[in-house]
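Structure first, then comments.
A short reminder: the numbers here are calculations on the coordinates, not readings from a lab. Keep in mind that what you see is a predicted model, and the values were worked out from it rather than measured. Every residue, glycine as well, gets a Cβ built from its backbone with ideal geometry; the counts of neighbours run over all protein chains shown.
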Amino acid sequence: MAVKLHRCSNLWVKLDGHPCWRVQKALDEEGIEYEIVTGPWWPSKRVELERLSGQRKYPVIEFEDGTAYRAESKEMAERIHSGALLEGHGASASGDGPG
């Protein structure tokens, strides 16, 4: 897998305004291979997410080199669509994301 998408467990929510779906959809549209990692619903339980990214909000993208990227979901989607997501992380944008 090129990246891991840490997101909420509400995989059924596919509304454009939902932050996790917005980022997942952008990854799909750009053909970036990823693995979904669902996490706890309650922010107080997101200890592992905080260890990874320094905060407890979804979504978070984890790169193969162990670094993480977190911003507002609209900004994350724009970065994905611009082709800049994988710059400097040694990952390729090949493969299909889960559908």
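General observations
- Relative to the current alpha-carbon distance between Thr67 and Val47, full extension at 0.36 nm per residue lengthens the span by 5.6 nm.
- Dimensions (Å) - the chain, Cα atoms, principal axes, largest first: 34, 29, 21
- Derived scalar couplings ³J(HN,Hα) [region 76-86; Karplus, 6.51 cos²θ - 1.76 cosθ + 1.60; whole Hz; x for Gly, Pro]: 4, 4, 4, 5, 4, 5, 6, x, 8, 4, 8
- Available extension along the chain between Glu33 and Lys57 is 6.4 nm, counting 0.36 nm per residue and deducting the alpha carbon span.
- With a Förster radius of 25 Å applied to the C-beta separation of Glu87 and Leu11, the computed FRET efficiency comes to 0.35.
- Partners of Lys74 within straight-line reach, counting lysines whose Cα lies under 23 Å from its Cα and excluding those fewer than 8 residues away in the same chain: Lys4, Lys14, Lys25, Lys57.
- Scanning the chain for chymotrypsin sites (Phe, Trp or Tyr not before Pro) lying in DSSP loops with no more than 15 further Cβ atoms inside 10 Å, the longest uninterrupted stretch between such sites is 42-99.
- Helix-only [θ]222 nm of the chain, DSSP H runs n ≥ 4, -39500 (n - 2.57) each, per residue, nearest 500: -8000 deg cm²/dmol
- Antiparallel bridge percentage (DSSP; both residues within the chain; nearest 5): 55
- Once backbone amide H atoms are built at 1.01 Å from N, Ser9 has Gly39 as its partners under 5 Å, excluding neighbours fewer than 5 places away on the same chain.
- Whole-Hz Karplus values for region 56-66 come out as 10, 9, 9, x, 9, 9, 9, 8, 4, 7, x Hz, taken residue by residue from phi with 6.51 cos²θ - 1.76 cosθ + 1.60 and θ = phi - 60°; glycine and proline positions read x.
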